[in-house]
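Here is the structure we will look at, set down as structure tokens.
The values are calculated or read from the model by the stated rules, or taken from the named source; none is laboratory data. Every value quoted in this text rests on a predicted model; they were computed, and no experiment measured them. Ideal geometry is used to build each Cβ from the backbone, glycine not excepted, and the neighbour counts take in all protein chains shown. We work out accessible area using only protein heavy atoms, side chains counted, and drop any ligands, DNA or RNA first. Shrake-Rupley method; radii C 1.70, N 1.55, O 1.52, S 1.80 Å.
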Amino acid sequence: YEVAPDTYVTVTEAEIEELRPERTKTIAIEEFVEVAAVDPAFFDTGYHVAPQRDYERPFALLVEALAASRRLAIGWIVLRKRRHLAALRANQGLLLLSTMFFADEVVPVHEVAPRPTERPAERELKMAALLVESMSGEFEPARYEDGYRKRLLALLARRGGERQKAPK
């Protein structure tokens, strides 16, 4: 692996495997924080979490406590041979687990670009507010489709009838 320009270190697959975290079926909660305290830029992938049979009561207790307190649980989970920072939040009677980026993986806003220094005119602000209001509605996730995926599935369905031999 290149650790600096033109500087390499050799490691074996076995050495890398030794460093991997132990697989678990648990979420290790470290703390509870205000939902508003976590910048959405830190959230990566979301998963719905449901309880195992013997843990339904403590699961429901955690869901209710998080909902009532308007807090997130911050903790750790092992997925696909990697330990992830994660946030748990109450969501429709279940938990939504979001894997999170680490602080060094999120570029701070001040490093991205300078913010505009000129304030828009009042008239422009009113026009922009009118545009936002006229285009506002309820969020309906089913309205938004992955066009590429849809076209790819259609191609595969068409080709499925052609019965091709697998390459050797």
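Within the range 73-82, which residues are within 12 Å of Arg23 (Cα to Cα) and either in a strand (DSSP E or B) or open to solvent by less than 60 Å² (accessible area, probe 1.4 Å) (or both)? Let's see the steps before the verdict.
Keep residues of the range 73-82 that are within 12 Å of Arg23 (Cα to Cα), which gives 76-82.
Correct list: Trp76, Ile77, Val78, Leu79, Arg82.
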Residue list for the range 11-70, filter: among the basic types (Lys, Arg), surrounded by 10 or more Cβ atoms within 10 Å (Cβ to Cβ) and without any contact (Cβ under 8 Å) to a residue 40 or more places away in the chain: Arg70
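Could you list, in sequence order, all residues of the range 113-146 that are within 21 Å of the chain's Cα centre (by Cα) and either assigned to a helix (DSSP H, G or I) or under 25 Å from Asp39 (Cβ atoms) (or both)?
Keep residues of the range 113-146 that are within 21 Å of the chain's Cα centre (by Cα), which gives 139-146.
Selection gives Phe139, Pro141, Ala142, Arg143, Tyr144.
Would the range 86-105 turn up any residue that is β-branched (Val, Ile, Thr), assigned to a loop (DSSP other than H, G, I, E, B), surrounded by 11 or more Cβ atoms within 10 Å (Cβ to Cβ) and in contact (Cβ under 8 Å) with a residue 24 or more places away in the chain? I'd like the intermediate steps shown before the answer.
Restricting attention to the range 86-105, the residues satisfying the condition of being β-branched (Val, Ile, Thr) are 99.
Narrowing further to those that are assigned to a loop (DSSP other than H, G, I, E, B): none.
No.
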Glu124 vs. criteria farther than 29 Å from Arg82 by Cβ, modelled with pLDDT of 90 or more, exposed (fewer than 10 other Cβ atoms within 10 Å of the Cβ) and acidic (Asp, Glu): no
